[in-house]
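To start, the structure under review is shown below, and the notes come after it.
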Amino acid sequence: MVTFKIDGKEIKAKEGQTVLDAATENNIEIPTLCVNESVLPYGACRLCMVDVTKGKRKRTVTSCAYEVAEGIEVDTKSEKVIKIRRMVIELLLARCPESEEIRQMAEKLGVTTTRFKPDEDGDACILCALCTRACREVVGKSAISLINRGTEREAALPFYDEADDCIACGSCVYICPTGAIKMEDKAGTRTISWPNCSQEFKLKACSACGFYFAPEKQLEFMAAESGVELEKLEICMSCRP
Amino acid sequence: MNDKQQKLTSVAELEKKRQGLNKQRSSDAPMIAVCCGTGCQAYGGKKIADAFKEEIEKHGLGGKVEVKTTGCHGFCERGLLVVIRPQNYFYQRVRLEDVPEIVSETVIGGKPIERLLYESLATGEKIASEEEVPFYKKQVRLVFGDNGYIDPYEIDDYIAVGGYSAFSKVLSGMTPEQVIDEVRKAGLRGRGGGGFPADIKWQSSREAHGEPKYIICNCDEGDPGAFMDRSLMEGNPHAILEGMMIGAYAVGSSIAYIYIRNEYPLAVKNAYRAIQQAKDYGLLGKNILGSGFDLEIKINRGGGAFVCGESTALMASIEGKVGEPRPKYIHTSHKGLYNKPTVLNNVETWANVPLIINKGADWYSKIGTENSKGTKIFSLVGKINHTGLVEVPMGITLREIVYEIGGGIPGDKKFKAVQTGGPSGGCIPENLLDLPVDFDELTNAGSMMGSGAMIVMDEENCMVDIARYFLEFLEDESCGKCVPCREGLRRMREILDDITQGRGEESHLEMLEEMSEVINDGALCGLGQTAPNPVMTTLKYFRDEYKAHIQDKKCPAGVCKSLITYHIIEEKCTGCKLCVNACSYGAIEFMGKKTPVVLHQSECTKCGACKEVCKLKAIEIR
Ligand SMILES: Cc1cc2nc3c(=O)[nH]c(=O)nc-3n(C[C@H](O)[C@H](O)[C@H](O)COP(=O)(O)O)c2cc1C
Ligand code: SF4
Ligand code: FES
């Protein structure tokens, strides 16, 4: 265990824990947009920045990646970090003017308008990379990835239409903080729409009740990963013995 | 060196080899040093060297006069460069046709050829010897100097001038701790940007747990204005290898990488060749010179993105991952490449190491300022008479670099600013020209040492446009990972677009300052953190220019097209028609001989062709 101060309060935390996790456990709220417990820290949105004083040195760091250490002093609400958070959210507000989630986060941070000209592409993606990280780190696939550099960057399938590696599991949809990735199941088909590409996948009908319950590719993937026979997986949850 | 070299198996054998080489070579033997650096290759390079060899043969001097193909001498603007040794006659702008005359007049006749000599800008006087040419006179070429004497293709050349003696000194009598201590006492700071003390990284990696430990040489050189790393790698690769060998020994590493950008084919080729030669000589591999120390050096070719030069992005790239930076709250000296202790230094940093070991920290630390020791190589470009690579002692003033080495500003234009440190460096104004150039002084002025690029600007450069230009470059090069850099730089550039196109508002300046501060504090890596520098420094030192754009909708330097108009000065115009013919848009009307022409603003695209051709300076920008 290590002992350190956060906003003047002395707390204890496990070695190797991030400042963000330690703060959360102690009911100190730090805003985040690119963090999720199922994937590794990434440090892209910069909302979670805090000031850390270690000995004589004071630095502004991302609390989602910075590990606690004995004797450090953390300030989660310094003037500097508030400025950063407000600017970041003001920039995102202009990037995704239609995103309700971003608007709410902005409000929480005391920002209601943006001085920048709002983008008009209707794209709600903030490029936090939660989707691509979940695909790689959780599912074990690399169906989608971040392509291009800088302002051209986007999360997409290879060449926008190569879905070979995608098992249509929808993990990216569930983890997306702004609803930028959409999914619809209809008439035996699952359609996943990423910001700049979209793909259809066949759903499997339950061998007992006939309900289209899961993507074929996902079932095949599960069978291959687990060694369970495919037929045994082709029964929906409600019909399973 | 045709027969395969026997591996040297001890320090004594290396020294014997050196003595043998020096017995064959005499320092006052005639030599024609032909620059074959990338710049001079454009003017013939090897072809001219071959012509010299043929000519020498023709005169029956084969074997008596050596023709040496060398790396870059720095004064690329005057290429092709030839130096005739031992007199050190310095010939510039040499072409194939000049070869026979150089051989008969200078090599045989011993006389310099006036036409090929450098002519003083101030006095018009011809200067014969290399050392006296103003471009070289104030330089202290400790690291770069050997480039003009050795063929980068021949390890023997490097050994003959004392190469690998620092490495043998280390192997035969210094402990790793002593090596690190010497580097610490010398005060060596990283030449790749941040100026971080080399010894601290080395020490930290040495003490870190984890095997293997890695050594990396950063030859990514993503800054389009800088080419000193390329020139060193091309012209003297063994000096860099020797530095890395010493570093690896000190840190306890047996695997090293050189990360070279792919756009540097000659540097890649020379580095490969140098490594092979060092292996053949037993200077790389197992049990080097019988010391028990092993080292392998591999080459990794970088993909070309500017951000790949950043330490964590570079390491990701070597690992075969996307070259993107990551937070490095645990130092790479502890967890770097493949999560193992790693020392990353720049090409020039490594090239300084043999020098320190050979001549000692006491000697080295006498050069430079209190906290910046040794020399630094700068690439001097822009509105300056002498462009090229210059190596100067730390602490030299900007004025000396610009006016003495650089020969001042071309034409009768006025100096305006010098930008140091690459695209994210700051612009330093005239009243700071006496600033001593070192890591800390440049940082205090809002700029940085950075890559060592120096871009000189004159009165015809608009500082708002310059800031916009660099920001656009960095916006393009941003990897896009973090919000402040990806979104922030783009928005700052949009504001600068507005200002330079006449849509500027009073509130823009404060907004730019606010954004600069936040991006500087909040971006993930050095690219974003330093990207606002050009904007911040121009706002600080050239605020009036911003105000002129915003309040008066004028561009004082006459650059921003939306804010300028061309005018005919009637008193000066004689109706010569030159401009009428030059204008592709028919915007200038001929009104008859000896009558001033008329410029129709509605047709004018502000291309400036008329002003270029007018001999009477009868066209002005308002
Ligand atoms: C965007 C960016 C680009 C960089 N490019 C280079 C480069 O091309 N060459 C280099 O030596 N260092 C570059 N650096 C600095 C490296 O991250 C690192 O600090 C340096 O290589 C360490 O070596 P040194 O201590 O010898 O300077 C870059 C840094 C940033 C942030
Ligand atoms: S600062 Fe720019 S280049 Fe660096 S990680 Fe962030 S987006 Fe990428
Ligand atoms: S949550 Fe830490 S940078 Fe996004």
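We did not get these values from a lab; they are worked out from the coordinates using the rules stated. Note that this is a predicted model, so its numbers are computed, not measured. Cβ sites come from the backbone with ideal geometry, for glycine too, and all protein chains shown count toward neighbours.
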Where only C-alpha atoms are counted, convex hull volume of region B:565-621 per residue in Å³:
64
If I model a spin label as a point 7 Å beyond the Cα along the Cα-Cβ vector, how far apart are those points for B:ASN339 and B:SER507 in nm?
4.9
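Any number yet on Rg/Rh for region B:183-247, C-alpha, Kirkwood?
Rg/Rh: 0.99.
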How much length would be gained if the chain were fully extended between B:GLU430 and B:GLU119, taking 0.36 nm per residue of separation minus their Cα-Cα distance, in nm to one decimal?
109.3 nm
Percent of alpha carbon pairs in region B:1-122 separated by more than 23 Å?
38
Wrap a convex hull around the Cα atoms of chain B, take a quarter of its surface area, and give that in square nanometres.
30.4
Of A:LYS5/A:LYS58; A:LYS77/A:LYS108; B:LYS17/B:LYS64, which pairs sit farther than 20 Å apart, going by alpha carbon to alpha carbon?
B:LYS17/B:LYS64
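Indicate, rounded to the nearest 5 percent, the antiparallel portion of the DSSP beta bridges found entirely in region B:1-119.
60
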Exactly which trypsin sites (Lys or Arg not before Pro) in region A:15-56 are in a DSSP loop and have at most 11 other Cβ atoms within 10 Å?
A:LYS56
Which value, in debye to the nearest 20, gives the size of the charge dipole of region B:565-621 about its Cα centre, when Lys and Arg are +1 and Asp and Glu are -1 at the Cβ?
220
Spin-label pair B:LYS540/B:GLN6, simplified geometry with 7 Å Cα→Cβ offset, distance in nm:
6.2
Cut-off 12 Å, label 7 Å out along Cα→Cβ of A:ARG115, residues of region B:510-541 by amide N:
B:510-518
Under 15 Å by backbone N from the virtual spin label 7 Å along Cα-to-Cβ at B:ILE299, the residues of region B:116-148 are none
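When only C-alpha pairs under 8 Å and at least 6 residues apart count, what is the relative contact order of region B:24-131, in percent?
Computed over region B:24-131, the figure is 28 percent.
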Figure the gain on full extension for B:GLU612 and B:LYS359 (residue separation times 0.36 nm, minus the Cα-Cα span) and round it to one decimal in nm.
85.7 nm
Taking N as the number of residues in region A:2-77, the ratio of its alpha carbon radius of gyration to 2.2 N^0.38 Å works out to 0.99
Sum -39500 (n - 2.57) across every DSSP H segment of at least 4 residues in chain B, then divide by the residue count to get the 222 nm mean residue ellipticity, nearest 500.
-10000 deg cm²/dmol
Most exposed first by the Cβ proxy, i.e. fewest other Cβ within 10 Å, how do B:TRP363, A:TRP194, B:TRP202 rank?
B:TRP363, A:TRP194, B:TRP202
Extend 7 Å from the Cα of B:LYS138 along its Cα-to-C-beta direction; within region B:432-470, residues with backbone N under 12 Å of that point are B:433-437
Given H placed 1.01 Å from N in the peptide plane, which residues other than close sequence neighbours of B:ILE216 have an amide H under 5 Å from its amide H?
B:TYR257, B:VAL343, B:LEU344, B:ASN345
Cross-link partners of B:LYS577 among aspartates and glutamates (Cα-Cα below 12 Å; sequence separation of 8 or more within a chain):
B:GLU589
Grab the eigenvalues of the alpha-carbon gyration tensor for the protein assembly as shown, scale each by 5, take roots, and send me the semi-axes largest first in whole angstrom.
51, 40, 27
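Need one number: % antiparallel among DSSP beta bridges in region B:155-365, to the nearest 5.
Counting DSSP beta bridges with both partners in region B:155-365, the antiparallel share is about 10 percent.
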Ranked by Cβ crowding within 10 angstrom, fewest neighbours first, how are B:HIS331, B:HIS508, B:HIS600, B:HIS73 ordered?
B:HIS600, B:HIS331, B:HIS508, B:HIS73
Residue-wise, which Karplus ³J(HN,Hα) couplings in Hz belong to region A:198-213, taking 6.51 cos²θ - 1.76 cosθ + 1.60, θ = phi - 60°, and x for glycine or proline?
8, 8, 9, 10, 6, 9, 9, 7, 4, 5, 9, 9, x, 6, 6, 10
What fraction of the Cα pairs in region B:68-208, stated in percent, has a spacing above 22 angstrom?
56
